[in-house]
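The values are calculated or read from the model by the stated rules, or taken from the named source; none is laboratory data. Not measured: the values here are computed from a predicted model. Quick reminder, even Gly has a Cβ in these numbers, built from the backbone with ideal geometry, and neighbours come from all protein chains shown. Ligands, DNA and RNA are stripped out before the accessible areas are found, and what is left, the full protein with its side chains, is counted by its heavy atoms. Shrake-Rupley method; radii C 1.70, N 1.55, O 1.52, S 1.80 Å.
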Amino acid sequence: MTQEIFIGEERDSGEETLIDTSKARALFVCGKRGTGKSYSLGNVIEEVNREMTDTVPLVVDPMGIYWTMAEPNDEQQDLLWDWGMQPTGFDTTILVPGDPTERYGPEVYDEMMRRGIEIESLRLNPSDISPDGWCELFDLNINKPMGIALYRAVRSLNESQDFFDLDELIEEVEYDEKANERTVDALVNRLEMAHEWGIFSDSYTDIWNNLDPSRINILDVSVLDPGKYGLRNLVVYVLTKKIFDERSKARRREELQLSSDIPKVWLFIDEAHNFAPSGSSSLAKDTLIRWIKEGRQPGLSLGIATQQPSAVSSDVVSQMDLIFCHKITTRTDIQSLNELSQEYMGSQLKTYIKKIDKVGEAVCVDDEREVVKQVQMRPRMSQHGGSGA
């Protein structure tokens, strides 16, 4: 059975533009600042929440702007009525790495709660990070003493127990007879610092307890500094790896007609060049590439947005089967997008991009149906938080 979501109207004919979501999709939204990139991503998030009741919408928010989806878009009420729609606030849960009150401050936290926005603390299981991941987190070479010692400690704990906390990892390093004192002290200092980040759990945390298919789940990584240790990437890496692994197991059960309580997930990431950069590595990059290349079978969709298409890894962009391109003017970005041109388009993608003449308009390329259209994206029902102050 075909399942579709509504994203807008074709510019010339006025016909509704619908996207087939019967199977997992890979969506790429791009456009320079102020052309509607984040707005359009929000449209799809709304539609997934409304129409795909068996799928968890999970939004990675590096700018702290998507919480406004809990508020109705009263500012565009007349426009919404013209489209046969009305302002609507969506049930929203904000997932905050660490202590929400500390991250937001008491006043902001209390006001968001007063508005009915559900806020939950998200803590990571140290044991969910691979030995390689721990070494990459601290930028340690696994062929040098500190990297070898940390890798050995994590692997040893993984082999002996299902869960371990930071204190147990520190203890494992301290009792490593193969590492010299200087190496041990340096590693312990780094792990003690990780305590101060406030994002690790002291007991096993099940991510599925935080994800609700009936709500828009927003992972607010804007509360974490995009600094040296890549904590934003760490959180995304741990969650996407966990979700991918468990959803893959659930899919095998479903194919055997066995029960499963692990829902499908549509992951949305704004400012995606920070998580899957072109020409460099990040903690989350390999997992996201795996998600997009192998996620269709377990029912994992991905929607990413960026102002800089050329800054996103080609391993990610080349796998996209659905593109919403708003106005782009930078030559390198146009060239990057033009490489996605397909034979069924009739002409190069850059030709269509040049025809865009107003905010909210996008070129829609749908590989599933092999069509390309100039589309006026529909207005948001919820409040858009991405406009300038």
* Does G84 fit the bill of being open to solvent by 10 Å² or more (accessible area, probe 1.4 Å), part of a loop (DSSP other than H, G, I, E, B), of a type in the set (G, A, S) and more than 30 Å from L124 (Cα to Cα)? -> yes
* Residue that is surrounded by the most Cβ atoms within 10 Å (Cβ to Cβ), among those in segment 269-283 that are touching a Phe, Trp or Tyr at 6+ places or on another chain (Cβ under 9 Å) and without any contact (Cβ under 8 Å) to a residue 60 or more places away in the chain -> A272
* To do: Scan segment 50-71 for residues that are of a type in the set (D, E) and under 16 Å from the mean Cα position of the chain (by Cα) and jot them down.
  => D61
* To do: For P57, state whether it is touching a strand residue (DSSP E or B) at 6+ places or on another chain (Cβ under 6 Å), buried (at least 19 other Cβ atoms within 10 Å of the Cβ) and without any contact (Cβ under 8 Å) to a residue 24 or more places away in the chain.
  => no
